[in-house]
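Below is one structure; the comments refer to it alone.
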Amino acid sequence: MMPQHAPTARICRDCDGFPTVAITTGTRHPDGTRATLRITCPTCKGTGHAVPAAVVRAGR
Ligand SMILES: [Zn+2]
């Protein structure tokens, strides 16, 4: 049986709902803060939700 507690919004399988990830590059800015790269999940485009294929195909 499938668990019934899943919300209506589908979580992106690629990023597990965490579309933006900060990666520490190892370098530091002159003010002492760490330089980070922010990577946005290309699958959900930063929304964290997977878009159902049926919605994508709508409009014709
Ligand atoms: Zn994603």
inquiry  = Out of Thr47, Thr8, Thr36, Thr40, I need the residue that is within 18 Å of the chain's Cα centre (by Cα), modelled with pLDDT of 90 or more and more than 16 Å from the ligand (Cβ to nearest atom). Which one?
reply    = Thr36
request  = Considering only the stretch 11-33, state which residues are more than 16 Å from the ligand (Cβ to nearest atom) and not in a loop (DSSP other than H, G, I, E, B).
outcome  = Thr24, Thr25, Gly26, Thr27, Arg28
query = In the stretch 26-43, what count of residues is obtained for those that are surrounded by 10 or more Cβ atoms within 10 Å (Cβ to Cβ) and touching a Lys or Arg at 6+ places or on another chain (Cβ under 9 Å)?
reply = 4
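The values are calculated or read from the model by the stated rules, or taken from the named source; none is laboratory data. Computed from a prediction, not measured in an experiment: that's the story for all the values here. Note: ideal-geometry Cβ built from the backbone for every residue, glycine included; neighbour counts use all protein chains shown.
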